[in-house]
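Encoded as structure tokens, the structure appears first; notes follow it.
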Amino acid sequence: MKFSQYASQVNPNTIQGQVQRPGDLNSYGGNGAGYEAIGRGLGAVNEAYQKFIESVDQSRVVEADAEYDKRISDLLYNPQNGLMYTQYANAEGIAGKFQSEEQKIRQEIMGKYNFRLERTSSVFNNWANNDAQKRFMLVGQHEYKQVEANKDLALSNNIDENFNFAMQNYDNDALIKSEFDKSATLVMDRYKGQDPEFIKSEAKRLLAPKMASLVGTALANGDIDRAGAMIEKWGAFMPDETRLAYSRIAHARKEREYEHYTGITAYERFGDDYEAARQYIYGDAFGYDGEAAVRSAREDIGNNYGTNTCTIRSNNWIAAGGGKEGNTWAPTQFEDMKDAGLIFTDKSQLRSGDIVYWNYGGDPNDVDHVGIYDAKTGTVIQSGDHGVAEISLDYANISGFARPRGRNVSIEDKDKAWDAYVTQVNYNNAIKNNHKKRIIDSVQQEMWNKFKSGVIDPNEFQSLVYNVSGGDVDIEMNLLKFGNDLIGIQGKAAAESSNGAVYKKIKDAITDGTVTPAEAVSLINQNATVLGEADRSRLLAFARNQDPRNKDIDKQLATMINEALSDPVERGEAQIYLDNAIEDKTDPQKRYDDGYGVLYGTKDKPGILQNKAIFKNYNSKQREWGLLKSSLSPKLYPYIDAYQRQNGNNIDLGQARTVFESINPNDKYQVSALQYAAVYNSPMDIQELNKQIAAMAVRDGVDAAPHLLDIPQQSNTAVQQNESTPWFSDWGASERTGLAAMNFSDVLESIKQRHLATLRGEINEEW
């Protein structure tokens with residue numbers, strides 16, 4: 001840019017006359033000397049005038065320069081329209097605009113200040129030229145930067161548009177490649193003519209975050225397998241730190257996913273059987289099966305998953321063998337295996353299912369390809385450009401080998417699997433419990449509404465419960481108890497009154513000496529089912545305490561326990577066992593002798609202080625009895641207590657549970673049969689109870705079928721072939737053959753009806 005020199009507006013004064021001193025003739029031209037004096041005077045005046053002009057111009061040039069600076073600064077930095085605030089495409093041409101606007105501002109200022117002296121004009125122009133040149137350079141630089149930034153912005157927007165489309169289709173490799181290639185072409189066009197390495201660097205800088213964002217999209221959508229596949233396929237185009245971070249995230253999520261499905265699998269296999277699930281998870285079989293991994297790989301041969309899929313496929317095969325999947329980026333996986341101490345290089349140690357790592361460039365740490373070794377063939381199964389196939393072990397430079405860890409082989413990992421199983425159990429139980437709760441709440445409300453309206457029909461309640469329960473015992477027990485509570489509000493009051501009367505009668509008899517303490521024990525046990533366990537225990541204690549020596553005996557026996565056992569828990573368990581064993585002993589000597597025998601044994605059996613298993617087993621059974629009671633209707637408690645007292649722990653609790661859980665506390669025939677079994681200590685099994693039920697029902701002229709208990713489910717083979725099976729052994733061969741053609745439920749019904757017919761006398765057969 002060339003800035004102009006402007007012409008002077010003031011011409012120099014050329015007057016040079018001489019002035020003579022006054023009073024001298026010569027000064028009037030008499031001899032010419034006067035003219036000379038006049039000239040000198042005029043010269044002095046002119047000099048003074050010139051100095052005046054100069055001082056005025058000097059003042060103006062400073063003002064002019066200040067105004068010039070102000071207007072130029074406004075041209076450049078005005079917040080609304082300053083040239084230096086223009087951006088991107090708006091900055092194009094601002095250098096030319098500055099040049100024309102500067103000329104205009106300079107002309108206007110010089111016209112305004114009208115410099116008289118040429119040198120003053122030159123001073124102003126020089127100052128303006130210096131400022132204009134420096135600011136022109138700034139404007140030019142700004143224009144260049146903004147024009148380039150506009151090109152970069154356009155490039156970035158185009159790449160964003162391409163990859164936004166790709167992100168919406170992140171599971172489409174062909175589309176991703178198309179958008180990647182399109183974007184790479186835009187980068188090359190943008191920097192055409194520049195150094196190839198610079199173009200390559202810019203392409204990676206611009207495209208790497210976009211490729212990483214595709215992985216982020218897959219992770220955000222929970223598509224872990226796809227994220228791993230993209231890391232493997234496009235990892236080289238991602239920032240190193242991002243690729244590493246995402247690959248570890250994908251791996252960690254895969255681990256959590258595996259733990260989750262381990263929990264589901266274990267739950268599907270074992271349900272709520274904690275013991276069986278724990279034995280499985282913490283057992284030796286919970287590990288890596290290399291042969292299974294190879295089988296999975298062989299089943300995959302011929303399939304083509306595209307390029308850069310070797311690691312993701314190998315991980316899938318390893319998982320099929322129960323192994324822990326590695327990182328989806330091969331170099332990182334190799335490093336992880338090294339850090340874990342799992343890398344080896346001795347070919348002789350190779351087993352089926354081991355991982356083989358290759359490199360193409362000679363650097364063993366720069367892993368390029370992986371596969372699964374098959375010891376039977378000595379080959380490696382891998383996923384390459386041409387699909388899944390077997391290749392030679394020496395296909396490329398070997399970086400090393402690794403043996404995958406079995407999933408959850410460490411205690412830490414087994415604990416994670418166990419936690420996942422427990423979580424699944426709790427989750428499923430929560431769902432089931434929520435479902436149960438909704439059913440229970442709904443039916444309870446319906447029962448309550450019927451109760452308030454005066455409709456209290458036990459059969460209707462029972463039918464309602466069984467129709468909605470779906471066979472769920474918890475639902476049935478809860479609703480039947482609720483219905484029983486509604487039905488029995490008045491009856492319970494009467495029963496409580498009856499209980500109170502019996503309790504008072506026995507207590508009064510003990511108090512006034514009508515019965516001896518020993519007789520009182522017999523009386524109490526005879527009325528145990530009416531009294532209930534709590535009142536029975538209180539009356540027994542009352543009978544014992546009639547003789548104060550029994551309290552001293554109890555203290556002596558307790559001291560023996562405390563001296564022999566240091567564990568407070570064991571002391572408590574032993575005391576419970578002792579109290580139960582001698583609770584009905586009212587004679588002090590007999591109480592002491594029997595108690596001592598319980599503690600230290602007799603010639604026939606050891607004492608509980610000699611064999612702790614005795615009282616531990618007892619208390620374990622007691623807890624089981626307690627759990628059984630808590631799961632049943634309180635109406636059954638007296639019969640459970642009576643049966644337990646009769647038999648102690650010398651019975652099959654599982655069989656007892658089956659019986660008690662089959663009883664409907666609102667069915668008088670079932671309850672009467674149970675009472676008979678409890679009081680008279682008859683065999684506690686469903687077949688015997690059904691005989692008693694049927695006999696009572698037939699006696700009363702009632703159809704026994706609705707009152708019979710369900711026969712425990714047995715296999716068809718057991719029912720149809722085992723001649724010792726109750727209800728079946730007396731049938732002839734031809735009849736058994738006929739039954740074999742029926743389904744299981746029809747078999748059971750036929751058996752029931754045959755024996756009912758026998759009871760009614762319709763057929764002659766001994767039951």
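Since every read-out is calculated from the coordinates, none of them should be taken as a lab result. Because the structure is a prediction, the values reported are computed rather than measured. Glycine also receives a Cβ, built like all others from the backbone with ideal geometry; neighbour counts cover every protein chain displayed.
For 435, 251, the sequence from fewest to most other C-beta atoms within 10 Å is 435, 251.
Across the stretch 504-517, rounded Karplus estimates of 3J(HN,Hα) from the backbone phi angles (6.51 cos²θ - 1.76 cosθ + 1.60, θ = phi - 60°) give 5, 4, 5, 5, 5, 5, 5, 5, 8, x, 4, 10, 6, x Hz, Gly and Pro being marked x. Cβ-to-Cβ counts within 10 Å put 273, 339 in ascending order as 339, 273, the fewest first. Ordered by the number of other Cβ atoms lying within 10 Å of each residue's own Cβ, fewest first, 202, 259 fall into the sequence 202, 259.
Counting only aspartates and glutamates at least 8 places from residue 691 when in the same chain, those with an alpha carbon closer than 17 Å to its own are 667, 700, 703, 710, 730, 749, 762, 765, 766. Here's the list of aspartates and glutamates a cross-link from residue 432 could span, going by alpha-carbon distance under 17 Å and ignoring same-chain residues fewer than 8 apart: 268, 272, 273, 441, 472, 474, 476.
In a fully extended conformation the segment linking residue 161 and residue 268 would gain 33.9 nm over its present Cα-Cα distance, using 0.36 nm per residue.
Spin-label model, residue 365 to residue 620: label points 7 Å out along the Cα-to-beta-carbon direction sit 5.8 nm apart. Legend: residue pairs 151/233; 414/436; 481/551; 104/134; 505/635; 414/621, Cα-Cα distance threshold 29 Å; pairs beyond threshold, 151/233; 414/436; 481/551; 414/621.
Distances between placed amide hydrogens fall under 5 Å for residue 397 paired with 359, all partners being 5 or more residues away or on another chain. Across the stretch 581-593, rounded Karplus estimates of 3J(HN,Hα) from the backbone phi angles (6.51 cos²θ - 1.76 cosθ + 1.60, θ = phi - 60°) give 5, 10, 5, 9, 8, 9, 7, x, 5, 4, 5, 5, 4 Hz, Gly and Pro being marked x. Scalar couplings 3J(HN,Hα) for the stretch 662-678, obtained by applying the Karplus form with A = 6.51, B = -1.76, C = 1.60 to θ = phi - 60°, are 8, 7, 8, x, 9, 9, 5, 6, 5, 5, 5, 5, 5, 4, 4, 5, 6 Hz; x denotes Gly and Pro. For residue 416, list the lysines whose Cα falls under 20 Å from its own Cα; do not include residues on the same chain fewer than 8 positions away. Straight-line reach from residue 416, under 20 Å: 254, 324. Counting other Cβ atoms within 10 Å, keep those with at most 14, restrict to DSSP loop, and tell me which trypsin sites (Lys or Arg not before Pro) in the stretch 598-640 are left. Sites meeting the loop and neighbour criteria: 603. Note on residue 562 and residue 444: with the Förster distance fixed at 60 Å, the Cβ-Cβ geometry gives a FRET efficiency of about 0.80. In this structure the amide hydrogen of residue 323, modeled in the peptide plane, comes within under 5 Å of the amide hydrogens of 289, 407, none closer than 5 places in sequence on its chain.
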